[in-house]
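What follows is a set of notes on a single structure, which appears directly below.
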Amino acid sequence: MKPLDKKETKKIINELSDYYGIKELRLDYIFMKNNQDKIFLISKDFKLLNTKELRLNGLGLYFLNVSKGLRLSIEGSQIIGVNAKKNVHEINDEEIKEWLQGYDLDCDELKGYKLIKNKNDFYGVGFASNNKIRNFIPRERRIRNVW
């Protein structure tokens, strides 16, 4: 994992702000990128540690995948979703059950990543195309049919 410089970090923050219609997005963290283009957030206090002697495979909170656009993690959607003004897809209680089980949703929105929102909570992002929103919830995080 390597830390992103201020220029790369600012570019990601600006792209997220533009795409989700956020006037002022403040993420006061160090952005770390692994070899799979995943961005992790860690506290700025991390600089105080002597990391030259540490061998790190994983660190921080998984926030975003930049390999195919800006695909937020579930936690990433919860961090920025509160301030998002566009590209938010609100779903009802029945649809959230389907979403949490890993099913895609029907929609008639324009193509692109959409934050999935139910009431005041955010449940990750999906990719809208061909009248569907594709679900990216990993199998191990899906909820089995308990309703």
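Name the residue that is surrounded by the fewest Cβ atoms within 10 Å (Cβ to Cβ), counting only residues in segment 81-108 that are within 28 Å of residue 26 (Cβ to Cβ) and either hydroxyl-bearing (Ser, Thr, Tyr) or in contact with a strand residue (DSSP E or B) (Cβ under 7 Å, 6 or more places away or on another chain) (or both). Let's see the steps before the verdict.
Taking segment 81-108 first, the residues within 28 Å of residue 26 (Cβ to Cβ) are 81-91.
When the remaining residues are screened for being either hydroxyl-bearing (Ser, Thr, Tyr) or in contact with a strand residue (DSSP E or B) (Cβ under 7 Å, 6 or more places away or on another chain) (or both), the result is 81, 84, 87-91.
Values: 81: 21, 84: 20, 87: 16, 88: 16, 89: 19, 90: 11, 91: 19.
Per the stated criteria, the residue is 90.
Here is the figure for segment 138-147: residues that are within 17 Å of residue 94 (Cα to Cα) and either open to solvent by less than 90 Å² (accessible area, probe 1.4 Å) or not charged (D, E, K, R) (or both) total 5.
Take segment 1-29 and flag every residue that is in a helix (DSSP H, G or I) and farther than 18 Å from residue 71 by Cβ. Step through it out loud before you land on a result.
Within segment 1-29, the first condition is being in a helix (DSSP H, G or I), and the residues that meet it are 6-20.
Within segment 1-29, 6, 7, 10 qualify.
I need the full set of residues from segment 29-50 which are surrounded by fewer than 12 Cβ atoms within 10 Å (Cβ to Cβ) and at pLDDT below 90, in order please. Listed by number, the residues that qualify are 35, 44, 45, 47, 48, 49, 50.
Could you identify the single residue in 105, 100 that is under 30 Å from residue 132 (Cα atoms), modelled with pLDDT of 90 or more and in contact with a His (Cβ under 8 Å, 6 or more places away or on another chain)? Answer to the check: 105.
The values are calculated or read from the model by the stated rules, or taken from the named source; none is laboratory data. Just so it is clear, the structure is predicted and the values come from calculations on it, not from any experiment. Positions of Cβ are generated from backbone atoms using ideal geometry, with glycine treated the same way; all protein chains shown enter the neighbour counts. These area figures cover heavy atoms from the full protein model, side chains too; ligands, DNA and RNA do not enter into them. Shrake-Rupley method; radii C 1.70, N 1.55, O 1.52, S 1.80 Å.
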